[in-house]
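Trainee: Mind having a look at this structure? Questions to follow.
The values are calculated or read from the model by the stated rules, or taken from the named source; none is laboratory data. Quantities reported herein were computed from a predicted structural model and do not represent experimental measurements. Methodologically, a virtual Cβ is constructed for each residue, glycine included, from the backbone with ideal geometry; neighbour enumeration extends over all protein chains shown.
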Amino acid sequence: MNKALLDTDIYSEVLKAIDQTVSRNAAAYRQAQGRLSFSVVTVMEIIQGLRKVGASPKRIQAFRDAILPEEILPFDQDAADLAGQIAGDLDRVGRPIGRCDPMIAAIALRNGLELVTGNTSHYQRVQQLGYLISLTNWRI
């Protein structure tokens, strides 16, 4: 199993443990790689979602504690530069995918990682522009 970066939608499903296919894939990945990998952008999106629904500080801290053993990749200057290029190219062709997805795509690309996402249609737009991002969907 290749080393991969989990998109926010997939990591959120891993945490909820509702989708058995996602759970099985996550368990197999953990066995092969030792821990899950996702980005600081995913951390921001999940905390934003928890705050939006009025989650208690205790619930937010439980999330912070749950991610301690995982690999959390940074959004550094190189990734920021690449994300700007991706977002700008998508805007230019009239196919934007929001702010966070180009950032996550750039982190995956800069680290040479496959991107695990259930939102393949957004990231296929990145591929269509010529960016060599590899996609996998753990929902299927």
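Trainee: So Ala62 passes all but one of these: (1) at pLDDT 95 or above; (2) in a loop (DSSP other than H, G, I, E, B); (3) among the hydrophobic types (A, V, I, L, M, F, W, C). Which condition number does it fail?
Mentor: (2)
Trainee: What number of residues within region 66-87 satisfy the criterion of being free of Cβ contacts under 8 Å to residues at least 60 places away in the same chain and either touching a Ser or Thr at 6+ places or on another chain (Cβ under 7 Å) or not in a helix (DSSP H, G or I) (or both)?
Mentor: 9
Trainee: From the set of residues in region 19-60 that are among the polar types (S, T, N, Q) and surrounded by fewer than 17 Cβ atoms within 10 Å (Cβ to Cβ), which is nearest to Leu73 (Cα to Cα)?
Mentor: Gln33
Trainee: Report, by residue number, each residue of region 93-140 that is of a type in the set (Lys, Arg), assigned to a loop (DSSP other than H, G, I, E, B) and touching a residue at least 24 places away in the same chain (Cβ under 8 Å).
Mentor: Arg95, Arg139
Trainee: If I go through region 50-59 residue by residue, how many of them are assigned to a helix (DSSP H, G or I) and on the phi > 0 side of the Ramachandran plot?
Mentor: Total satisfying the criteria: 0.
Trainee: What are the pairs, 6+ residues apart or on separate chains, where a residue within region 3-28 that is at positive phi has its Cβ under 8 Å from a residue that is polar (S, T, N, Q) and in a helix (DSSP H, G or I)?
Mentor: Pairs that qualify, where the first residue is at positive phi and the partner is polar (S, T, N, Q) and in a helix (DSSP H, G or I), are Ala17/Ser23.
Trainee: Against the definition (modelled with pLDDT of 95 or more and either part of a helix (DSSP H, G or I) or among the hydroxyl-bearing types (Ser, Thr, Tyr) (or both)), how does Leu90 come out, yes or no?
Mentor: Here the answer is yes, as Leu90 does meet what is asked.
Trainee: Let me ask you something else. Which of (1) surrounded by 15 or more Cβ atoms within 10 Å (Cβ to Cβ); (2) out of contact with any helix residue (DSSP H, G or I) (no Cβ under 8 Å at 6 or more places or on another chain); (3) basic (Lys, Arg) does Arg110 not meet, given it meets every other one?
Mentor: (2)
Trainee: Count, please, the residues in region 27-40 that happen to be farther than 17 Å from Ala108 by Cβ and either within 17 Å of the chain's Cα centre (by Cα) or part of a helix (DSSP H, G or I) (or both).
Mentor: Residues meeting the conditions: 5.
Trainee: Is it the case that region 41-49 has a residue that's assigned to a loop (DSSP other than H, G, I, E, B) and at pLDDT 95 or above?
Mentor: No, region 41-49 has no match at all.
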